[in-house]
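One structure below.
Any read-out appearing in this document is the output of simple, stated calculations on the displayed coordinates, not a laboratory observation. Fair warning: this is a prediction, and the values are worked out from it, not measured in the lab. Here the Cβ positions follow ideal geometry from the backbone for every residue, glycine too, while neighbour counts run over all protein chains shown.
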């Protein structure tokens, strides 16, 4: 009596649609490529609700703690806007406003009764990628075969966010398997970019990028093994943190290729500001995640590190390496301009910028591609077989089935190559520091070779994945938007290789006009305090962040 | 024209013997089972030299820094005593007093000229397990096929110890492959325990245990993937630190099964006191090892952690769980008494002791044994084939060739089982803390089921290896010595299983009379500051350590 995968997907789609109350449903047609203005003209949200969703998380928790706002009000506002987001860009795999509002009422009552908040996120709605487990709710991770099973436990991060006072209300869409940087699956189809439906919202935390970009969420939580937090952040004009492995808990998450430890997937936030990012990270660390997840390092937030780098920033004393091209694939003109804008701003503020040579990035890209495919796709393809659903487009770009399964000794040899590459990269940093006679604070580089990309065009993962291979800390900073009047296509370019040729061919100034441009700020392993502060400074210089 | 493995081994043995100057050679027969008294009666060392080798490292570096002792004098004393050690217990695979003395002279000159030490270990001889690479010196790791090749680079820890001012003079013996807890190889044969030639010095850092136990070394450096620092420490009445993975650098070491990352081997010191251990660890951390080895966590010595636990100790406020048996193998009577002594002393000092249930240790032992053998021994057996040498006795106890090679997906499944076990163990700790209403500071447990063991009798690795699987921090503390008048054999014991039966059968009060007894103090991952302080307190209560 088993259903076809199409029936399972239809049913799930229907259930998601049914979770949206009648009064939050969009009536009539949506015109235009962008849906960003819709909330203010829809009539579904009032001015207070609009203003709540357009605040910062830092402000919201402060106001809730002071009794100036209730969690019910805040949660209602975000639920409404999230409901619209789903209807407009197709970003939710689970939506549960009733559970969220019940939780919000409890938190409001607690505060009223005790006069105390339960934690530093008291009352704040947080959206989760559909990879986090919440007891009683489904986790499909984009696989049809996983639809219908309710989770029996929470992921550790979910537990700790609850302890800190968070409210969950939505789990957002991901690409089938997570191993792709666009968001499409056979359950609900494609999630599109709220700024332009012809652009991807990125992936694999693409639903998070779309919902937070649309302000149907204030802090979203994604995961990143090859760019999956950073790409959706970049494509939705958001800040995104890929912490180093071991800083934030990952235990009890759903995943493909579980137990693959050569390159670890990590959790991290997508936010509108570094201040909100810091609120999230410090809130999680305050809950001592290392007592719950053995992979988390007992490393509380290091305030002295933050203070030290802020002192350097204040005196215009940062030392920052940068590059525009990794030598494999030249970024499109908007991204090259993004790097120029950021380095110019930093120089004008008195900081020291020097060109960084992207050491053996070509080698690293090949190595990590082999790691992603090290089981020959066994785990992922087995999961597809269970339901009979087909693979999504672009799937083979990251898990290349032509790369055959390796054996244990070969895997160990890959582990060793990775470690040696990491050691050599550290050596390059040390040598540069010796030459400069001072410490390097961060590296600035592209995060993708393109601005928010057109559908089915995401080809090159190298700017993202080398950072995963190094396990360096990275924060994506939104810079500006592509402009067809400035970002002209280069004539007579000689491609570096086939991949570069494909990527260059995709550039079209008119099609990318207005697409978000971002860069990433990168530091050695476990330098979250430092890199977040540098990212905040860049945001401040660009005028894209208001420091509270 | 290739030589037989026997000829290669003979040549290496000859070269080691030839490295000992004529005036340091032992004439005549050595009588008795123990060689511990030999240095004071040999005539090779004068009283000043004897006194130097019987000092603490903390004292020696202080005196050298103050100009009260030269590095040449200190190095000479340890070279002499190490030369005796090798002749008496067969513990060296490389001995290079000339290089050491040249280095010592340089350091003395530097201090004289500049008035400054080069680092916190200025002038101090440090012995290394023959797994560390020193440029220009051989690393055999107990494999005949590796003999004869001089290293082209230093291991990272070697580089950092040199920066801190250390002097290297000897590399000590290991069992072939390192995967055994007795020290025997086909190059120089067996290393014996200086307290009794019928006992093992432990392994795999057995040469370190023997040479430091004999005071031919003051701080020895070993590695531990299944007890290899802790067992030689226990068998030679020493303190030994197995730090958690990522605290100290391991990069550029020689190893078998390189790239195996399911359970990491780690480096750590074997010392006569926690004070010397702390000197070593803080000296290495001061050199910022995370800038050289990507696996090292940027975590300097956390003085506030040490201060906090010391305050607790001072007020008799420690909370310590303990157990005597892991439920798999019951320790011999001397070890059971060792646990009793330690827990009684702690209770008398006002600390709170509670019984700890060794959660699923049987499961963990099976799991880690599968990990050690996960390539079916391919890597190790291939290395033996290169020279044609046979496997050493006991080899199959840890790398069981009946456990067949697993594939990549199976390895990932093992990784996941390990992680889940670690998470469950953390949960047990949290639950116990909830019940107790306070934080658990450490666990006290056996490190081996036997006192220093008779040759070829090391069978059960479970007390050691579960800690490796958990990646918990462990410090071995010497307690006392087996006593045939107290530690009677138990009559009519019903063995728990075949392994327990074998281990129990080995106990013989007369044969073990006088053998060192030790316990280990264990804490969560990366709790070195805390666990070292607790170990120091236990040593102080036992009278086995003088805190400076």
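The table below lists the values:
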| read-out | value |
| --- | --- |
| Rg over Rh [alpha-carbon atoms, Kirkwood Rh] for the protein assembly as shown | 1.00 |
| Ascending list, in nanometres, of distances separating the residue A:153 label from those of the other copies (7 Å, Cα toward Cβ) | 4.0 |
| Simple label model, 7 Å out from Cα along Cβ direction - residue A:349 to residue B:31, nm | 8.1 |
| Mean separation of Cα contacts under 8 Å, 6 or more apart, over the residue count of the range A:217-287: relative contact order % | 44 |
| Most to least packed among B:153-162, B:87-96, A:209-218 [average Cβ atoms within 10 Å] | A:209-218, B:87-96, B:153-162 |
| Solvent-free Debye scattering, log10 I(q)/I(0), computed from the Cα coordinates of the range B:465-535 at q = 0.11, 0.16, 0.26 Å⁻¹ | -0.43, -0.79, -1.03 |
| Principal axis dimensions, the range A:272-374 - Cα atoms, whole angstrom, descending | 47, 44, 24 |
| Calculated FRET value between residue B:489 and residue B:410, using beta carbons and R₀ = 41 Å, to 0.05 | 0.45 |
| Label spacing, shortest first and in nm, from residue B:494 to its equivalents in the remaining copies (7 angstrom along Cα→Cβ) | 8.5 |
| Residue order, fewest to most surrounding Cβ atoms within 10 angstrom, among B:361, B:455 | B:455, B:361 |
| Ranked by how many other beta carbons lie within 10 Å on average, peptides B:446-452, B:298-304 from highest | B:446-452, B:298-304 |
| Value of Rg/Rh across chain A [Cα atoms, Kirkwood radius] | 0.95 |
| Neighbouring partner chain Cβ atoms per residue of A:286-294, average, 10 Å criterion | 4 |
| Copies compared at residue A:431 - label distances in nm, ascending, label defined 7 Å from Cα in the Cβ direction | 5.4 |
| Value of [θ]222 nm, deg cm²/dmol, for the protein assembly as shown, DSSP H segments ≥ 4, -39500 (n - 2.57) each, nearest 500 | -12500 deg cm²/dmol |
| Cα principal axis extents for the range B:1-101, largest first, Å | 55, 33, 21 |
| Percent antiparallel among DSSP beta bridges (both partners in the protein assembly as shown, rounded to 5) | 70 |
| FRET efficiency for residue B:506 and residue A:438, using Cβ-Cβ distance with R0 set to 56 Å, rounded to 0.05 | 0.40 |
| Of all DSSP beta bridges in chain A, antiparallel share, percent nearest 5 | 70 |
| Residue mean of other protein chain beta carbons inside 10 Å, A:407-417 | 6 |
| Virtual spin-label span in nm between residue A:456 and residue A:198, 7 Å along Cα→Cβ | 1.5 |
| Neighbour-count order for B:281, B:221, A:274, fewest beta carbons within 10 angstrom listed first | B:281, A:274, B:221 |
| Full-extension gain in nm, residue B:430 to residue B:17, via 0.36 nm per residue minus C-alpha separation | 143.2 nm |
| Cβ neighbours within 10 Å from other chains - mean over A:246-258 | 2 |
| Relative contact order of chain B, pairs being alpha-carbon contacts under 8 Å that are 6 or more residues apart, as % | 15 |
| All-pairs alpha carbon distance profile, the range A:368-484, 10 Å steps from 0, percent | 10, 29, 31, 21, 7, 1 |
| Theoretical FRET efficiency, 1/(1+(r/R0)^6), r = Cβ-Cβ of residue B:315 and residue A:149, R0 60 Å, to 0.05 | 0.70 |
| Contact order normalised by residue count of the range A:98-190, Cα under 8 Å, 6+ apart, percent | 31 |
| Alpha-carbon Rg with Dmax, taken over the range A:1-49, Å | 15.7, 50 |
